[in-house]
Structures are given as C-alpha cells and as structure tokens.
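Quick note: the coordinates plus some simple rules give every number you see, no bench work behind them. Note that this is a predicted model, so its numbers are computed, not measured. Reconstructed Cβ throughout: ideal geometry from the backbone, glycine too, with neighbour counts over all protein chains shown.
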Amino acid sequence: MSTRAKIGFGDALGDLSGFAPLPRVKTTAPPVEAAAVAGFTSREAPTAPAKPQQRRHRTGRSAQINIKAKPDTIAALNAWADEQGISIAEAFEKMVENLKDSL
C-alpha cells in the first residue's frame, strides 16, 4: 500500500468546516449593468474597421511588384484608379507610360 507524499501543509487543510459559499446577491439591474458592476467584460469582438474593397481582376498579368508607400499615397492611387474605373495594375502601367513619354 502506498502513502501520499507530504507537501508541507500538515493538518492545516484537514478541517475545512469554517468555509462556506458566499451568499448570492440578487440584483434588480439589467444583466448588462449587473455585469459591469461585477467587473465582467463583454466577449463580443470589438468592431473592426471596414475592410478595403477587393481589387482582383483576371488580366493575364503574372509578375508582381511590391513597394512601400505612405498610406495617403496609396489611398490617392486607389481613389484615382476608382475614378478612372481601372485596376491598380492598369493605373501603374499608365503612370509608367506617361513617365516614359515625359522624359
């Protein structure tokens, strides 16, 4: 027969008769207010900012270019492409053509 290992509490945990559950507090507040008073937080996900519109077009372009730009520059490019009714790739191609012509 095996015996339990001693962990150093002695008989301090032997008598738990002094412990009793706390009395339940009834509230008349709506559940949301009662939860706020009790310190609970909502599990609902925070509202995320609106996602930008997807810009996928099947055009046969297979090469990719990745650049870093300021957010306001990207927003201006997207706005201009939307005004023209063209994709970002087409807008980039037109800009490159115009740059070649101006040199």
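General observations
- Flag if ALA89 is surrounded by 10 or more Cβ atoms within 10 Å (Cβ to Cβ), of a type in the set (Gly, Ala, Ser) and part of a loop (DSSP other than H, G, I, E, B): no
- For GLU97: the one exception among (1) part of a helix (DSSP H, G or I); (2) loosely packed, with under 10 Cβ neighbours inside 10 Å; (3) of a type outside the set (S, T, N, Q): (2)
- Within the stretch 55-75, residues that are in contact (Cβ under 8 Å) with a residue 40 or more places away in the chain and within 12 Å of PHE92 (Cβ to Cβ) have Cβ atoms under 7 Å from residues that are among the acidic types (Asp, Glu) and part of a helix (DSSP H, G or I) in no pair, counting only partners at least 6 apart in sequence or on another chain.
- Within the stretch 59-72, the set of residues being exposed (fewer than 10 other Cβ atoms within 10 Å of the Cβ) and under 26 Å from the mean Cα position of the chain (by Cα) comprises ASN66, ILE67, LYS68, LYS70, PRO71, ASP72.
- The residues on offer are ARG4, ARG56, ARG24, and the sole one that is among the charged types (D, E, K, R) and under 30 Å from the mean Cα position of the chain (by Cα) is ARG56.
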